[in-house]
Amino acid sequence: MTQNDGSQRKRGHLAATLGAQLLRLGMGYEDRNALRAVLHMTLDNLLIAFGAGDLRDDILLGEAIAHLVHNESGPLSVMGEAVLFQRQHDAHRANCDSWEAQPESVKSGPWRQAIPSRVQQMLMIRMSQTLGLELPGDVTRGQAHDWIKNNGGNPRYNTEKK
């Protein structure tokens, strides 16, 4: 839900301001995954990644991070993608757990008669293509929910293979 209290505008301003600092250090969009990995490191691992003697004693931390991101972008990008996936997986799991904790009166509520959401429609198409399943015909939102659940849920986060 979008609130019209200016918080989105403030968030955009904050992101632009923080991003400007990264641009100033020579980082670009292609560095996002490597930077994510660096920001996810413990201080000990960050110091190990810098290596002894690789950097001048008078280098600024931001410059050192940019240096690391640029020089180790391949392995760091792979790590950064894994960090992002885990974050998304954890959010998905928390969302599923929150839904499962709902009372039966909510789970069987009037929402089930609505048309499927766009997210449900796109997920059913992806699942159909990925898993070789036949798409259900005209379904309600509740039936779409049941079809997705009965076919293993979002395959992106399904750790159990069929």
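Computed from the coordinates by the stated procedures, all read-outs in this text should not be read as laboratory data. Please read these numbers as outputs of a predicted model, since none were measured by experiment. Please note: Cβ atoms are built from the backbone with ideal geometry, for glycine as well, and neighbour counts cover all protein chains shown.
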#### Entry: Estimated distance in nm for a label pair at I48 and W111, the labels positioned 7 Å out from Cα along Cα-to-Cβ
4.4
### Summary
Counting as exposed only GluC sites (Glu not before Pro) in DSSP loop states with no more than 12 other Cβ atoms inside 10 Å, the longest exposed-site-free span of the chain is 1-133
### Query
How would you rank 64-71, 117-124, highest first, on the average number of other Cβ atoms within 10 Å across their residues?
64-71, 117-124
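To the nearest 20 debye, what charge dipole does the chain have about its Cα centre, counting +1 at the Cβ of each Lys and Arg and -1 at the Cβ of each Asp and Glu? Write down the numbers at each step before the final one.
On the way: 18 positive and 18 negative charges, 147 e Å.
Using only the charged Cβ atoms, the result is roughly 700 debye.
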### Message
Take D90 and Y157, extend 7 Å from each Cα along the Cα→Cβ direction, and tell me the distance between the two endpoints in nm.
### Response
1.3
### Query
With each label point set 7 Å from Cα along the Cα-Cβ vector, what nm distance links K149 and A82?
3.4
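If we count other beta carbons within 10 Å of each Cβ, what is the order of D138, D31, fewest first?
Values: D138 7, D31 20.
Ordered from fewest to most neighbouring Cβ atoms within 10 Å, D138, D31 come out as D138, D31.
Using helices alone, I'd like the mean residue ellipticity at 222 nm for the chain: each DSSP H run of four-plus residues gives -39500 (n - 2.57), total over residue count, nearest 500.
Values: 8 runs with 102 residues, N = 162.
One gets -20000 deg cm²/dmol as the mean residue ellipticity at 222 nm.
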